[in-house]
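Q: Pasting a structure below so you can have a look.
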Amino acid sequence: MNMLPKTSYREGEKNLPHEPVNEIHVHKLTMQQLFVPVSESRHFTREDAAKAFHDSMLSVDARSPQPELIKMEREILEGKSRQESLAKFKQATQNEEDRVARRIAGEQRREEEATTRVKTDRYEFRFKEINADDVGYNGRSRKGTGWRYGAPFDDRKRGLVKIPTSVP
């Protein structure tokens, strides 16, 4: 029981911060129980565990939405000070947020440049250049004109097999 983190609610007792385990995302492929034989001399990592569940599955560290936070905690465990690691974490996350903001601003700018606006008394018409070849092989691509309003799905057509015939 000493290995598990505990939170005390007594007055004046100090708690060490610990990771809340109920906020960790559980991948659906990891819900099965596996028995993977591994030699004792081999170091079994999180990457190895991910590959045991599925060939294309990424490890927990690679799937994490905040890899900078994992890096900060590893630096603290290696012996660096918490203040120094926290400063590096804040700088790394700020750089990432700035990069995402620049990318979103660039996408909005390109979208605005591709749109021609015509204002009238009551309305503002917006026109975009559309390529008829963008609809794809069967005319149902999301890039095509009228995708939201287009043809119904095949599941409503009569005479088609609607249940899966194979398991991927």
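Read the figures in this text as sums done on the coordinates, not as results from a lab. Predicted, not measured: the structure shown is a model, and the values here were computed from it. Methodologically, a virtual Cβ is constructed for each residue, glycine included, from the backbone with ideal geometry; neighbour enumeration extends over all protein chains shown.
Q: 7 Å from Cα along Cα→Cβ at both SER41 and THR165: what's the point-to-point distance in nm?
A: Each label point is offset 7 Å from its Cα along the Cβ direction, giving 5.3 nm.
Q: On a 0 to 90° scale, report how tilted helix 67-78 is relative to the longest principal axis of the chain, with both axes built from alpha carbons and the result rounded to the nearest 10.
A: In the chain, helix 67-78 runs at an angle near 10 degrees to the longest axis.
Q: Helix-derived [θ] at 222 nm for the chain: sum -39500 (n - 2.57) over DSSP H runs of at least 4, divide by residue count, nearest 500?
A: Working: 4 runs with 57 residues, N = 168.
The per-residue figure over the chain is -11000 deg cm²/dmol.
Q: Here's something else I'd like to know. Any idea what the relative contact order of the stretch 47-168 is, in percent, if you count C-alpha pairs under 8 Å spaced at least 6 apart? Spell out each step's value before the answer.
A: Values: 62 pairs, mean separation 10.7, N = 122.
Here the relative contact order equals 9 percent.
Q: Suppose R0 equals 30 Å; then what is the FRET efficiency for LYS51 and LYS80 from their Cβ-Cβ distance, rounded to the nearest 0.05? Mind dumping the intermediate values first?
A: On the way: r = 30 Å, r/R0 = 1.01.
Here the calculated transfer efficiency is 0.50.
Q: For the stretch 1-87, what log10 I(q)/I(0) values come out of the Debye formula at q = 0.16, 0.22 1/Å, with one point per alpha carbon and no solvent?
A: -0.95, -1.24
Q: Moving on to the next point. Within a 10 angstrom radius of the beta carbon, how do THR165, THR30 rank from fewest other beta carbons to most?
A: Details: THR165 5, THR30 15.
Going from sparsest to densest Cβ surroundings: THR165, THR30.
Q: Stretched out fully, how many nm does the piece from LEU29 to VAL100 gain, at 0.36 nm a residue minus the Cα gap?
A: Details: separation 71, 0.36 × 71 = 25.56 nm, distance 2.97 nm.
Length difference between fully extended and current span is 22.6 nm.
Q: Between GLU73 and SER59, what length comes free when the chain is fully extended (0.36 nm per residue of separation minus the Cα-Cα distance, one decimal in nm)?
A: Values: separation 14, 0.36 × 14 = 5.04 nm, distance 1.69 nm.
Difference between extended and current length: 3.3 nm.
Q: In addition: Among the lysines, select those whose C-alpha is under 20 Å from the C-alpha of LYS80, and discard any that sit fewer than 8 residues away in the same chain.
A: Output for LYS80: LYS71, LYS88, LYS90.
Q: Please report, to one decimal in angstroms, the Kirkwood hydrodynamic radius of the chain built from all distinct Cα-Cα pairs. Write out the running numbers ahead of the final one.
A: On the way: mean 1/r = 0.0427 Å⁻¹.
About 23.4 Å, per the Kirkwood formula over Cα pairs.
Q: While we're looking at this one, here's another question. Rank the residues THR93, THR116 as a footprinting-exposure proxy: fewest other Cβ atoms within 10 Å of their Cβ go first. Walk me through the numbers before you get to the answer.
A: Working: THR93 14, THR116 10.
By the 10 Å Cβ count, ascending, the order reads THR116, THR93.
Q: Distance between the C-alpha centers of the stretch 153-167 and the stretch 17-78? Whole Å please.
A: 38
Q: How long is the gain from ASN15 to THR115 if the chain were fully straight, where each residue apart is worth 0.36 nm and the alpha carbon distance is subtracted?
A: Using 0.36 nm per residue and subtracting the Cα-Cα distance, I get 30.4 nm.
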